[in-house]
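Here the structure is laid out as structure tokens; the discussion comes afterwards.
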Amino acid sequence: MAESWSSSGIDVHLDWRPESGRTGLATAIRAAIREGRWQAGAAVPSTRALAQDLGVARGTVTRVYADLAAEGYLRTAQGAPTRVATAGALPASAPRPVPRDPAPRWDLRPGRPNLSAFPRSAWLAATRRALHRAPMTAFDYTAESGAAELRETLAAYLARSRGVIADPARILVCSGFSHAIAILARVLHTRGADEIAFENPSLHIYRNIAAANGPRVTGVPVDDHGIMVSSLDSPAVVVTPAHQYPLGVTLAPGRRAELTRWAEETGAVVIEDDYDGEFRFDHQQVGALQALAPERVVYVGTTSKTLAPSLRLGWMVLPRFLVEPVRAAMAASGARPALLDQLALAELIESGAYDQHIRRCRIEYRSRRDRLLAALPDSVLPQGISAGLHLVLQFPGEVPREMEVLAACRRRAIGLEGLSGHWIGEPQREGLIVGYGAAAKHAFGGATQALREAIFEVT
């Protein structure tokens with residue numbers, strides 16, 4: 001049976017049988033290099049260290065290294081450590097590492113907040129308070145519904161800031177919208193919903209997650225007033241009513257009433273993704289759809305846009321008939337956010353620091369959106385309301401094509417997305433989805449200038 005060996009000094013692992021001797025050791029090292037566990041250009045253990053860890057003669061390791069150097073797997077130099085050969089120098093039989101897409105120099109990718117604005121001091125203070133106040137029992141296995149402190153805080157916060165009708169018993173804490181849609185799709189499919197509708201266009205990642213959990217996915221058209229309710233014929237639908245993603249329109253008042261009336265009459269479930277409802281710049285914020293039909297609408301919110309995606313903190317406000325089925329499904333999944341992060345978020349909201357942070361971000365993002373619009377050439381048609389962290393750019397006429405603009409952006413290391421990939425079926429419109437939240441504050445001006453140059457190149 002192969003054993004896994006770790007060398008002192010430099011941590012390495014080899015699948016090697018001691019009885020296989022020198023030949024087996026050489027084979028194990030070749031495999032480690034081919035599979036990328038010993039990375040190109042990295043230093044390898046000294047002959048003395050590896051021999052000591054493996055329990056073999058130093059001369060055995062020295063001869064193996066010499067053989068592999070002759071084959072092109074290793075590179076030796078007088079007075080320097082032996083290293084794995086660089087990717088270009090590896091023998092033909094050794095597969096080259098697959099290059100990763102580099103992070104863009106100019107980050108205009110949508111759906112990302114400004115991570116440099118994360119309120120580190122406030123979060124640290126909230127964490128300290130949470131640790132100080134938490135009883136010992138808080139660190140036991142946590143309840144599937146989430147920390148009671150956070151659910152109580154969220155009930156008050158959501159009622160105040162988004163008009164959500166909720167009590168703590170109807171709130172379940174989850175690990176972001178991906179987790180929520182997976183659990184909801186599974187529960188609804190178990191209860192007989194064989195289909196779930198999404199706005200067309202919408203984010204394909206969530207459609208894929210829903211489909212992977214049972215229901216088939218269908219699309220419903222969106223116009224300037226939001227989802228076309230008259231086209232709905234599914235037992236469940238996912239909507240982004242405050243700020244449709246990606247087109248950026250708001251569900252009109254008449255459509256909101258029509259959608260909730262349809263859900264109540266048909267018994268359908270509406271899943272409201274309120275992904276950036278806190279960031280409305282032009283008018284008073286639109287309240288949550290959930291308030292119109294709290295027994296038919298599942299409200300989902302997260303901290304991914306307000307704080308940071310990596311926190312994986314979200315919440316569902318559920319109709320009463322779904323609370324227990326969803327809680328049981330979450331228990332079966334075993335996934336839930338870290339307890340300390342839940343308590344820290346509750347402290348952050350209770351202290352008022354969360355509201356202060358959102359207000360600062362709202363001012364910054366509004367300024368960025370205005371600066372981006374001012375930098376764009378007249379040939380570009382921006383779409384969507386003044387809200388959120390992204391806008392859609394379209395080009396009149398048949399040229400330039402979306403792929404031509406994206407290619408010009410790639411040449412300048414600009415990260416953004418095309419509209420075409422968000423449609424269900426054939427793309428109905430082309431355009432760019434530009435995020436103005438992700439770039440660091442000092443880099444935003446350079447990012448908008450690079451985008452302007454890319455557009456001028458092809459128009």
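The values are calculated or read from the model by the stated rules, or taken from the named source; none is laboratory data. Every value quoted in this text rests on a predicted model; they were computed, and no experiment measured them. Here the Cβ positions follow ideal geometry from the backbone for every residue, glycine too, while neighbour counts run over all protein chains shown.
In the range 365-388, what residues are of a type in the set (S, T, N, Q), part of a loop (DSSP other than H, G, I, E, B) and within 20 Å of His442 (Cα to Cα)? Hits for the range 365-388: nothing passes.
When residues of the range 32-62 are filtered for being assigned to a loop (DSSP other than H, G, I, E, B) and over 18 Å from Ala85 (Cβ atoms), how many remain? If you could, list the steps in order and put the result at the bottom.
Initially, the range 32-62 is screened for residues assigned to a loop (DSSP other than H, G, I, E, B), giving 35-42, 44-46, 55-57.
Checking which are over 18 Å from Ala85 (Cβ atoms) leaves us with 55-57.
So the count comes out to 3.
A search for C-beta distances below 7 Å between a residue of the range 325-342 that is in the same structural domain as Ser178 (by TED's automatic domain parsing) and any residue that is surrounded by 20 or more Cβ atoms within 10 Å (Cβ to Cβ) and of a type in the set (Lys, Arg), counting only pairs 6+ apart in sequence or on different chains, returns Ala329/Arg186; Met330/Arg336. Screening the range 306-320 for residues that are touching a residue at least 12 places away in the same chain (Cβ under 8 Å) and in a helix (DSSP H, G or I) and picking the one that is surrounded by the most Cβ atoms within 10 Å (Cβ to Cβ) gives Leu311. Going residue by residue through the range 283-305, is there one that turns out to be outside any loop (DSSP other than H, G, I, E, B) and either over 28 Å from the mean Cα position of the chain (by Cα) or among the basic types (Lys, Arg) (or both)? Yes, there is a match, as at least one residue in the range 283-305 is outside any loop (DSSP other than H, G, I, E, B) and either over 28 Å from the mean Cα position of the chain (by Cα) or among the basic types (Lys, Arg) (or both). Sub-6 Å Cβ pairs linking a first residue in the range 378-395 that is under 16 Å from Gly435 (Cβ atoms) to a second residue that is acidic (Asp, Glu) and surrounded by fewer than 21 Cβ atoms within 10 Å (Cβ to Cβ), at least 6 apart or interchain, are Ser386/Asp282, ordered by first then second residue.
Residue check: is Leu247 buried (at least 16 other Cβ atoms within 10 Å of the Cβ), in a loop (DSSP other than H, G, I, E, B), over 23 Å from the mean Cα position of the chain (by Cα) and touching a residue at least 24 places away in the same chain (Cβ under 8 Å)? No: the conditions fail for Leu247. When the range 158-170 is limited to residues that are crowded, with 21+ Cβ neighbours inside 10 Å and of a type outside the set (Lys, Arg), the one that is farthest from the chain's Cα centre (by Cα) turns out to be Ala166.
Of everything listed in (1) farther than 18 Å from Trp106 by Cα; (2) out of contact with any Asp or Glu (no Cβ under 6 Å at 6 or more places or on another chain); (3) not assigned by TED's automatic domain parsing to the domain that holds Ala155, the single unmet condition for Leu406 is (1).
Test Val220 against the stated conditions and say whether it is hydrophobic (A, V, I, L, M, F, W, C) and touching a residue at least 24 places away in the same chain (Cβ under 8 Å). If you could, list the steps in order and put the result at the bottom.
Working: hydrophobic (A, V, I, L, M, F, W, C): yes; touching a residue at least 24 places away in the same chain (Cβ under 8 Å): no.
No: the conditions fail for Val220.
If I ask for residues that are under 22 Å from Gly24 (Cβ atoms), touching a helix residue (DSSP H, G or I) at 6+ places or on another chain (Cβ under 6 Å) and surrounded by 15 or more Cβ atoms within 10 Å (Cβ to Cβ), which ones from the range 37-61 would you list? Across the range 37-61, the qualifying residues are Trp38, Thr47, Leu50, Ala51, Thr60, Val61. Residues in the range 251-282 that are of a type in the set (D, E, K, R) and in a loop (DSSP other than H, G, I, E, B): Asp274, Asp276, Glu278, Asp282. The set of residues from the range 321-364 being assigned to a helix (DSSP H, G or I), of a type in the set (Gly, Ala, Ser) and surrounded by fewer than 21 Cβ atoms within 10 Å (Cβ to Cβ) comprises Ala328, Ala329, Ala331, Ala332, Ser333, Ser351, Ala353.
Restricting to the range 111-127, and then to whatever is aliphatic (A, V, I, L, M) and farther than 14 Å from Glu364 by Cβ, can you tell me which residue is surrounded by the fewest Cβ atoms within 10 Å (Cβ to Cβ)? Spell out how you get there, then give the answer.
Residues of the range 111-127 that are aliphatic (A, V, I, L, M), as a first pass: 115, 117, 122, 124-126.
The next check asks that each one be farther than 14 Å from Glu364 by Cβ; those that pass are 122, 124-126.
Working: Ala122: 18, Leu124: 11, Ala125: 16, Ala126: 23.
Of everything passing the filter in the range 111-127, Leu124 is surrounded by the fewest Cβ atoms within 10 Å (Cβ to Cβ).
Inside the range 389-424, residues that are part of a loop (DSSP other than H, G, I, E, B), crowded, with 16+ Cβ neighbours inside 10 Å and touching a strand residue (DSSP E or B) at 6+ places or on another chain (Cβ under 8 Å) make up a count of 7.
Any residue in the range 31-42 that's in the same structural domain as Asp15 (by TED's automatic domain parsing): show its pairings with residues that are assigned to a helix (DSSP H, G or I) at Cβ separation under 6 Å, as long as the two are six or more apart or on different chains. From the range 31-42, the pairs are Trp38/Ala32; Ala40/Ala87. When the range 365-382 is limited to residues that are buried (at least 18 other Cβ atoms within 10 Å of the Cβ) and modelled with pLDDT of 95 or more, the one that is farthest from Glu453 (Cα to Cα) turns out to be Tyr365. Listed by first and then second residue, the pairs with beta-carbon distance under 6 Å, at least 6 apart or on different chains, first residue in the range 1-29 and under 16 Å from Thr60 (Cα atoms), second modelled with pLDDT under 60 and loosely packed, with under 13 Cβ neighbours inside 10 Å, are Arg17/Ala2.
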